[in-house]
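Here the structure comes first, spelled out in structure tokens, and everything after it is commentary.
Computed from the coordinates by the stated procedures, all read-outs in this text should not be read as laboratory data. Keep in mind the model is a prediction, meaning the values are calculated, not measured. Here the Cβ positions follow ideal geometry from the backbone for every residue, glycine too, while neighbour counts run over all protein chains shown.
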Amino acid sequence: MACSGRVAFGLWAAVSGLLLPCLAAAAAPTLVLYYPDARFHDAVEAGSVLQKLAKDLSEGTGLEISAQFFQKGKDATEHFRSGRPTVGILDSRFYAEYGGEFGLTYLASPLVSGRTTYELALVVKADSAAKNIRDLAGTILATSYPGRIGAAFLSNIALEGHLDAQVHFGELRPVDSAASAIAAVLITEATAAFAPLDGLAEMGRAAEVRAILTTQPIPLPPLCMTRGALSEEDAQRLVSVFEKLGETASGRQILAGFGFTGFSRGPAPALTAAVSLLNAAPASVRKRPVIEESGAAGEMLVKTELPQLQPLLIPMPTYAEDDLLVAKKTPDDPQAADRE
């Protein structure tokens, strides 16, 4: 006897209810980029490079990986809170702030000439009267990562505990990116900003700004994934594709778009140390730092009350007693490399 349409639908629904959980495929991961210090000129350029990377990753892993670029931290946070499986190249400050909440697992670090770190420069307009950080007291600092973690980054890492950024500067003005921070300085919405030292030329700003000091090495944005986004096998395959990007012309072009030269799955001690510093209580501020220009062009010396500054992230050279070399080069100084 033939089944009525209602009975047939009921049987199909019952059977499919049992089978669908078994047949449903795991959701494809999204490749996310949130890195305010990236050298991209705009979101269009960032999205284009990220799409090319997602295509290479899809071909290399057999996974259908989509891509999404976030210019604002709040948008990146909303994405992660949605629970979608995600692989991300994420600013180390974001990783430190939300790693626990989103279950982020470290996979690899980008490389720039074999290093997993980069330096920031504290810049002002080229014609600014400010000669040192002391002259910036009470001024506006444009910052690409606001909030508690952003302030801890400025005080504990960028300024190495010598100054409390929230006290020294009159205002920490939030912007979306390092490029926006430099733009704020150039149109006098801010007096100073931190920007990637080696990225100033790529941004086309090297001649328009002047570096007052450079920071110690800062971790590049780690490659990580949310909890359960990939199986262990797929995660290893994905990292292998990242590590091999430098072996092809298209891969090298993608890396160059980010300002990277490769990726490494090795340990990232600088990242581990930075996460600890960013989540620690505010550093005690050293008193009365005095910035003085040295004889060599582009160099500044900080006189401190301590015999030497203890490095925060990685070993640094021992300096002469009471002297800490902070700024070793300026972006538009062709002789800087010869002096190092």
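Taking the Cα centre of segment 160-238 as origin, work out the dipole magnitude from +1 charges on Lys and Arg Cβ and -1 charges on Asp and Glu Cβ, in debye rounded to 20. Don't skip to the end; give the middle numbers.
Working: 5 positive and 11 negative charges, 25 e Å.
Using Cβ point charges on Lys, Arg, Asp and Glu, segment 160-238 gives about 120 debye.
Could you tell me the relative contact order of segment 53-201? Use alpha-carbon pairs under 8 Å, at least six residues apart, and round to a whole percent. Please list the in-between numbers first.
Details: 163 pairs, mean separation 37.3, N = 149.
After rounding, I find 25 percent.
What is the packing order of peptides 61-69, 218-226, taking the mean over residues of other C-beta atoms within 10 Å and listing the highest first? Each step should come with its number before you reach the end.
Values: 61-69: 17.3, 218-226: 23.7.
Result, highest mean first: 218-226, 61-69.
Taking square-rooted eigenvalues a ≥ b ≥ c of the alpha carbon gyration tensor, is segment 152-224 rounded, prolate or oblate, where a/c under 1.5 means rounded and, failing that, a/b exceeding b/c means prolate? Let's see the in-between values first.
Working: a/c = 1.58, a/b = 1.11, b/c = 1.42.
Oblate, because a/c is 1.5 or more while a/b does not exceed b/c.
Going by average Cβ neighbours within 10 Å, how do the peptides 185-191, 52-58 rank, with the highest at the top? Before the final figure, lay out each step's value.
Numbers: 185-191: 17.1, 52-58: 19.0.
The densest-packed peptide leads the list: 52-58, 185-191.
Which order do 234, 75 fall in if you start with the one that has the fewest other Cβ atoms within 10 Å?
Values: 234 17, 75 13.
Going from sparsest to densest Cβ surroundings: 75, 234.
Could you give me the ³J(HN,Hα) list for segment 160-169, computed from phi with Karplus coefficients 6.51, -1.76, 1.60 and θ = phi - 60°, whole Hz, x at Gly and Pro?
Result, rounded to whole Hz: 6, x, 6, 9, 8, 4, 5, 8, 5, 8.
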